[in-house]
Amino acid sequence: MPEKHAQSDLIAKALAALSKILTRPWTIMEICGGQTHAFMETGLSAMLPEEIELIHGPGCPVCVTSLELVDKAVAIASRDDVIFTSYGDMLRVPGSESDLFSVRARGGDVRVVYSPMEALEIAHRNPDKETVFFGIGFETTAPSNAISVIKAKEREIDNYSMLVSHVRVPPAMHAILSAKNNRVQSFLAAGHVCAVMGMDEYYPIAKKYQVPITITGFEPFDLIHGIMETVRMLENNTYNVKNAYERVVAPHGNKQAQKIINDVFEECDRQWRGIGMIPNSGWKLNANYAHYDAELKFNVGNITTHESEICISGLILQGLKKPDQCPAFGTLCTPQNPLGATMVSSEGACAAYYRYGRN
Amino acid sequence: MEENKFDNFTCPIPIINDEKVTIGHGSGGTLSHNLINSVFYKHFENPILAGGNDFAEFSSNATRIVTSTDGHVVDPIFFPGGDIGRLAVAGTVNDISMSGAIPQYLTASFIIEEGFAINELMQIAHSMQDCAQEAGVQIVAGDTKVVEKGKADKIFISTAGIGFIENNRMINGSLAEEGDIVIISGTMGDHGIAVLAARNQLGFKTTVQSDVGPMNNLIQTALSASPHIHVMRDPTRGGVATTLNEIARQSRVDIILEEQSLPVHKQVQAACDILGFDPLYVANEGKVIFITPQREAADLLQALHEHQYGKSAAIIGKIETSNGSPMVRMRTSIGGTRIVDMLSGAMLPRIC
């Protein structure tokens with residue numbers, strides 16, 4: 001990376017080069033919430049040529065974790081015999097009635113961890129309690145979550161379990177592209193997801209829907225590089241899968257990580273918050289590891305959920321609306337008092353707009 | 001040679017019932033007196049405190065008096081670069097100093113959890129006195145309460161203080177003006193990351209030290225170099241971003257920051273990158289934000305650079321007129337702009 005003081009000149013040059021090859025408006029979806037965040041945090045989104053319209057995708061695991069699972073997490077975390085562990089940004093996600101922070105305020109043992117292995121250690125140190133880890137995330141976090149379960153089995157730590165909410169990117173892309181009102185003409189695919197899974201899954205999507213896909217990283221230059229490759233394909237009327245994040249992503253991904261995922265998880269249908277059920281879009285623990293499935297371990301079957309009637313996070317996650325088109329944005333709905341998960345996570349589009357782009 | 005063993009022997013003040021604080025130490029009886037004598041009087045020694053009254057009396061010719069109070073809870077109580085004692089003294093010294101006042105007297109109130117080690121209390125009292133000495137203040141009154149185990153987390157310290165202003169200089173958060181320059185006295189986020197690292201929650205090691213310390217001397221140096229400073233504030237909890245938002249609202253101005261000028265220790269930046277934190281929102285306990293007229297900015301910066309607590313001081317932005325609701329904006333290092341908002345609730349580590 002160039003030193004900071006040299007960056008602005010190089011970015012200006014790259015943007016000028018991008019403008020030169022543009023002949024008409026294009027709509028590009030950045031799938032990953034981390035990219036949405038980076039576009040807003042660096043101010044890059046406002047610097048792009050006006051022909052480029054960015055649509056923010058559903059790639060924020062906190063945002064798309066279903067309301068039902070958040071409610072299940074709240075129910076499990078409220079039990080006296082449970083230590084509930086989670087990545088920090090899940091704690092403020094509103095469920096139907098409550099969130100995990102409120103559970104903690106009421107006396108529940110809810111702890112922020114930085115990795116599932118930390119949760120496993122908590123389980124090991126507290127044999128008279130059940131330790132549950134909220135296993136959310138895309139393909140990126142799946143290998144480390146899977147390893148925690150493999151290690152639990154090896155070390156016979158039976159009081160560890162995982163509330164699994166894993167989701168996969170390609171089925172979501174299918175869902176977005178086959179929607180009647182789809183406006184997405186191309187994708188920036190999430191670099192870290194592809195670091196694990198590689199590029200293979202994306203060729204059939206590019207071909208079937210005739211959309212260019214560019215594997216893209218997260219630094220300002222990565223983002224411009226990704227847009228540049230995408231625009232080249234759009235302008236040339238070609239659709240392919242390009243890798244603009246070669247320093248991290250190998251064409252076939254990380255085979256070892258994929259094996260770990262396949263050993264532990266199996267595909268399942270999954271509810272995405274704000275979007276609905278997407279077939280085969282999730283992973284759950286397979287029969288060999290069912291003992292570590294918190295949904296099976298704790299009887300939290302009868303959950304009735306209800307969403308805020310005002311929140312349009314579903315439309316935002318599908319790229320049909322922008323956060324500032326929501327009547328509640330910045331008034332009824334703020335990071336302090338979020339109506340939907342997209343306002344909670346730092347990777348949520350609404351939170352990114354609120355933090356960096358409000359006028 | 002046998003007798004020589006006892007040559008330097010003095011009868012120690014007995015701490016009855018070994019080295020843990022017990023409920024009895026808060027009873028007001030003999031144990032309380034022993035604890036106060038052996039820990040607090042010993043370290044905070046000064047004539048006003050030695051008077052042994054329930055009050056502290058002093059006089060001053062100043063007509064402008066500044067007071068402030070601050071409660072201190074920190075986990076862990078000892079961390080790289082400081083401890084709760086240094087924090088408790090520096091916190092109140094700094095709050096008073098931000099007005100331009102010279103802090104003089106402090107009071108300290110301790111809430112101690114039963115079972116707390118007396119040698120740790122000694123260490124805390126020692127570092128409080130160290131910090132008080134550095135700041136040139138006296139701890140002139142105090143109180144000690146002991147609560148049952150589990151009713152407090154080790155030790156809580158509240159301090160209050162008084163300082164005096166002997167001139168007509170006005171410094172407060174509502175005085176920032178268009179064209180003023182924003183200067184920070186050093187790197188951002190050192191305290192927050194040092195404490196987080198001390199909790200062993202990072203999963204990696206750092207050598208970051210907390211910046212906790214008394215800023216009154218630095219501030220007097222700053223005021224000599226730049227007599228017309230409009231605003232001074234210490235960016236503690238909520239960090240620089242939150243403090244600047246407060247000032248923008250109080251003064252009804254916009255504050256424009258330059259990202260590439262923000263001083264951040266490399267290790268703090270790296271820890272923040274890994275955890276998904278922004279150093280702009282991480283706590284400081286030994287930094288000052290100065291807002292001063294442009295004509296005095298260069299002199300102020302130079303004076304800060306010559307002070308031990310101001311070596312990495314930097315100009316980080318300027319004040320502009322606000323065309324609506326007051327805001328903090330930042331020109332990013334790639335040439336974009338964005339809002340820098342207040343911190344909403346607790347800062348949470350991101351998933352990926």
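The values are calculated or read from the model by the stated rules, or taken from the named source; none is laboratory data. All values derive from a computational prediction rather than experimental measurement. We place every Cβ from the backbone using ideal geometry, glycine too, and count neighbours over all the protein chains shown.
Report yes if A:Asp222 is among the acidic types (Asp, Glu) and farther than 22 Å from A:Pro49 by Cα, otherwise no. No; evaluated as a whole, the condition is false for this residue. The residues of the stretch A:103-118 that are surrounded by fewer than 18 Cβ atoms within 10 Å (Cβ to Cβ), more than 11 Å from chain B (Cβ to nearest Cβ) and part of a loop (DSSP other than H, G, I, E, B), listed by number, are A:Arg106, A:Gly107. Would you confirm, using the coordinates I've provided, whether A:Gly276 is under 28 Å from A:Glu68 (Cβ atoms), of a type in the set (Gly, Ala, Ser) and touching a strand residue (DSSP E or B) at 6+ places or on another chain (Cβ under 9 Å)? Answer is no for this residue. When the test is whether a residue is assigned to a helix (DSSP H, G or I) and buried (at least 20 other Cβ atoms within 10 Å of the Cβ), B:Asp130 does not pass it. Of all the numbered requirements in (1) surrounded by 23 or more Cβ atoms within 10 Å (Cβ to Cβ); (2) within 11 Å of chain B (Cβ to nearest Cβ), A:Thr36 misses one, and that requirement is (2). For the stretch B:296-312, the set of residues classified as of a type in the set (A, V, I, L, M, F, W, C) and under 22 Å from B:Val253 (Cβ atoms) consists of B:Ala297, B:Ala298, B:Leu300, B:Leu301, listed by residue number. Taking the criterion of being of a type in the set (A, V, I, L, M), more than 22 Å from B:Thr221 (Cα to Cα) and either touching a Lys or Arg at 6+ places or on another chain (Cβ under 8 Å) or outside any loop (DSSP other than H, G, I, E, B) (or both), the residues of the stretch B:62-86 that qualify are B:Ile77, B:Ile84.
Take the conditions within 14 Å of chain B (Cβ to nearest Cβ) and polar (S, T, N, Q) and apply them to A:Ser281. Does it pass? No. Read through the list (1) more than 30 Å from A:Pro49 (Cβ to Cβ); (2) more than 10 Å from chain A (Cβ to nearest Cβ); (3) touching a helix residue (DSSP H, G or I) at 6+ places or on another chain (Cβ under 7 Å), then give the number of the only condition that B:Leu280 fails. Answer for B:Leu280: the failing condition is (1). Cβ separations smaller than 6 Å between residues 6+ apart or across chains give the following pairs from the stretch A:330-351 residues that are within 11 Å of chain B (Cβ to nearest Cβ) to residues that are among the small types (Gly, Ala, Ser): A:Pro335/A:Ala351; A:Pro335/B:Ser344; A:Gln336/B:Ser344; A:Met343/A:Ala351; A:Glu347/A:Gly33; A:Glu347/A:Gly34.
The numbered conditions (1) within 14 Å of another protein chain (Cβ to nearest Cβ); (2) over 30 Å from A:Asn126 (Cα atoms); (3) buried (at least 21 other Cβ atoms within 10 Å of the Cβ) are all true for A:Glu30 except (1). Taken over the stretch B:272-302, the criterion of being in a helix (DSSP H, G or I) and not charged (D, E, K, R) is satisfied by B:Cys272, B:Ile274, B:Leu275, B:Pro279, B:Leu280, B:Tyr281, B:Gln294, B:Ala297, B:Ala298, B:Leu300, B:Leu301, B:Gln302. For the criterion of being more than 14 Å from chain A (Cβ to nearest Cβ) and on the phi > 0 side of the Ramachandran plot, B:Gly173 fails. All told, B:Leu244 meets the bar of being crowded, with 24+ Cβ neighbours inside 10 Å and among the hydrophobic types (A, V, I, L, M, F, W, C).
Residue-wise test of (1) over 16 Å from B:Glu120 (Cβ atoms); (2) at pLDDT below 90.
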position	(1), (2)
B:Val21	no, no
B:Gly29	yes, yes
B:Phe40	no, no
B:Asp54	yes, yes
B:Glu57	yes, no
B:Thr69	yes, no
B:Val73	no, no
B:Phe79	no, no
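Within the stretch A:97-122, the set of residues being among the β-branched types (Val, Ile, Thr) and at pLDDT 95 or above comprises A:Val103, A:Val110, A:Ile122. Look through the stretch A:76-96, keep the residues that are at pLDDT below 95 and within 14 Å of another protein chain (Cβ to nearest Cβ), and return whichever of them is surrounded by the most Cβ atoms within 10 Å (Cβ to Cβ). Per the stated criteria, the residue is A:Val93.
For the stretch A:11-25, taking the residues that are assigned to a helix (DSSP H, G or I) and not hydrophobic (A, V, I, L, M, F, W, C), the one that is farthest from B:Val340 (Cα to Cα) is identified as A:Lys20.
For the stretch B:232-254, give me each residue that is within 23 Å of B:Gly136 (Cα to Cα) and in contact with a helix residue (DSSP H, G or I) (Cβ under 7 Å, 6 or more places away or on another chain). Within the stretch B:232-254, B:Met232, B:Arg233, B:Asp234, B:Pro235 meet the criteria. Taking the conditions (1) more than 9 Å from chain B (Cβ to nearest Cβ); (2) more than 23 Å from the chain's Cα centre (by Cα); (3) not aliphatic (A, V, I, L, M) in turn, A:Glu68 satisfies each one other than (2).
Here is a check on your reading of the model: is A:Phe134 buried (at least 22 other Cβ atoms within 10 Å of the Cβ), touching a residue at least 60 places away in the same chain (Cβ under 8 Å) and touching a Leu at 6+ places or on another chain (Cβ under 9 Å)? Criteria met by A:Phe134.
When you check A:Ala287 against the structure, is it among the small types (Gly, Ala, Ser) and touching a Ser or Thr at 6+ places or on another chain (Cβ under 7 Å), yes or no? Taking the combined requirement at face value, the residue does not satisfy it.
Among the numbered conditions (1) among the aliphatic types (A, V, I, L, M); (2) at pLDDT 85 or above; (3) assigned by TED's automatic domain parsing to the domain that holds A:Asp81, the only one that A:Leu320 does not meet is (3). Selection of first residues in the stretch A:246-261 that are closer than 10 Å to A:Gly198 by Cβ and surrounded by 12 or more Cβ atoms within 10 Å (Cβ to Cβ) and of second residues that are among the polar types (S, T, N, Q) and at pLDDT 95 or above, restricted to Cβ pairs under 6 Å at least 6 apart or on distinct chains, gives the following pairs, ordered by first then second residue: A:Val249/A:Asn243.
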